[in-house]
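Asker: My questions all concern the structure below.
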Ligand code: ADP
Ligand code: MG
């Protein structure tokens with residue numbers, strides 16, 4: 001997979017709100033911490049379309065609904081703002097859960113976790129993959145309160161909320177739903193509602209999926225604040 005640098009400056013496709021970083025094409029043009037820049041390294045230099053459209057907004061702390069097809073680089077479009085949000089808040093070991101990333105399947109959650117470990121390796125945050133399966137939930141319970149970033153499936157996250165003593169996410173800074181259309185689907189709705197009801201409303205929320213979520217009901221249930229709708233389609 002490769003991303004070309006277009007000739008002219010191109011801004012976000014659907015840019016309602018000004019951002020001083022609209023039109024940036026490379027990661028090193030964004031206001032990122034050195035630690036994140038090091039994590040991006042030589043592997044990631046030029047932003048993909050969805051990254052270019054969403055990062056100027058998400059890095060300003062805005063809520064974002066991003067839609068772009070599979071393989072377009074949505075993972076970095078939320079991992080980077082998660083790292084930067086906690087870094088700017090000087091999040092530390094004592095601060096507990098600062099970010100939750102929810103994915104519909106174990107496999108996708110594991111992929112996200114791998115990318116987070118790569119790009120976030122120079123940061124000091126602790127991150128955990130809570131997906132059930134292999135490791136027992138009891139083993140996780142001993143550690144889950146020490147984690148800053150949780151990458152999880154809805155069922156396992158709710159299980160910890162219900163069963164893990166002192167499980168705390170009242171200080172949550174940033175919530176991500178990846179494959180949001182699938183998570184917001186009826187199959188998960190009870191679980192998701194139970195999760196959302198335990199999260200603070202004052203937070204940043206990022207939703208990414210292959211199709212644009214339009215349900216007003218869903219957006220209300222997630223307490224989105226004046227979100228940026230960014231939809232990116234293939235250019236050729
Ligand atoms: P999506 O979630 O939209 O399906 P992914 O985040 O899984 O896409 O990314 C697909 C692939 O593209 C991954 O292998 C990833 O490493 C690569 N990729 C993402 N962003 C960039 C970039 N800016 N430059 C080069 N490769 C990228
Ligand atoms: Mg993805």
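Asker: How big is segment 177-236 on each of its three principal axes, counting only the C-alpha atoms and giving the largest first in Å?
Answerer: 43, 26, 17
Asker: Restricting to Cα atoms and excluding each atom paired with itself, what does the Kirkwood estimate give for segment 16-121 in Å?
Answerer: 14.4
Asker: If you wrap a convex hull around the Cα atoms of segment 97-162, how much volume per residue is inside, in Å³?
Answerer: Measuring per residue, one finds 80 Å³ for the Cα hull of segment 97-162.
Asker: Just rank 139, 105, fewest to most, by other beta-carbon atoms within 10 angstrom.
Answerer: 139, 105
Asker: Another one. Summing -39500 (n - 2.57) over the DSSP H runs of n ≥ 4 in the chain and dividing by its residue number, what mean residue ellipticity at 222 nm do you reach, to the nearest 500 deg cm²/dmol?
Answerer: Calculated at 222 nm, the ellipticity per residue is -10000 deg cm²/dmol.
Asker: While we're here: Ranked from highest to lowest mean number of other Cβ atoms within 10 Å per residue, what is the order of the peptides 74-84, 186-196?
Answerer: 74-84, 186-196
Asker: Further, regarding this structure: If the chain between residue 88 and residue 168 were fully stretched, how many nm would it gain, using 0.36 nm times the residue separation less the Cα-Cα distance?
Answerer: Between residue 88 and residue 168, full extension yields an extra 26.7 nm.
Asker: Roughly how tilted is helix 49-58, in degrees to the nearest 10 and between 0 and 90, from the longest Cα axis of the chain?
Answerer: For helix 49-58, the angle is close to 60 degrees.
Asker: By how many degrees, between 0 and 90 and to the nearest 10, does the Cα long axis of helix 106-119 differ from the longest principal axis of the chain?
Answerer: Helix 106-119 sits roughly 60 degrees off the main axis of the chain.
Asker: Only counting other Cβ atoms within 10 Å, I'd like 137, 119 sorted with the fewest neighbours first.
Answerer: 137, 119
Asker: Below 8 Å, C-alpha to C-alpha, sequence gap of six or more: please give me the relative contact order for the chain in percent.
Answerer: 27
Asker: Still on this structure, please answer the following. Hey, with R₀ at 25 Å, roughly what FRET efficiency would residue 143 and residue 34 work out to, going by the Cβ-Cβ distance, to 0.05?
Answerer: 0.30
Asker: Here's something else I'd like to know. Any chance you could get the radius of gyration and Dmax over the Cα atoms of the chain, in Å?
Answerer: Cα radius of gyration and Dmax of the chain are 17.0, 55 Å respectively.
Asker: To test your reading of the geometry: what angle, between 0 and 90 degrees and rounded to tens, separates the Cα axis of helix 154-163 from the longest principal axis of the chain?
Answerer: 40
Computed from the coordinates by the stated procedures, all read-outs in this text should not be read as laboratory data. Computed from a predicted structure; not experimentally measured. Note: ideal-geometry Cβ built from the backbone for every residue, glycine included; neighbour counts use all protein chains shown.
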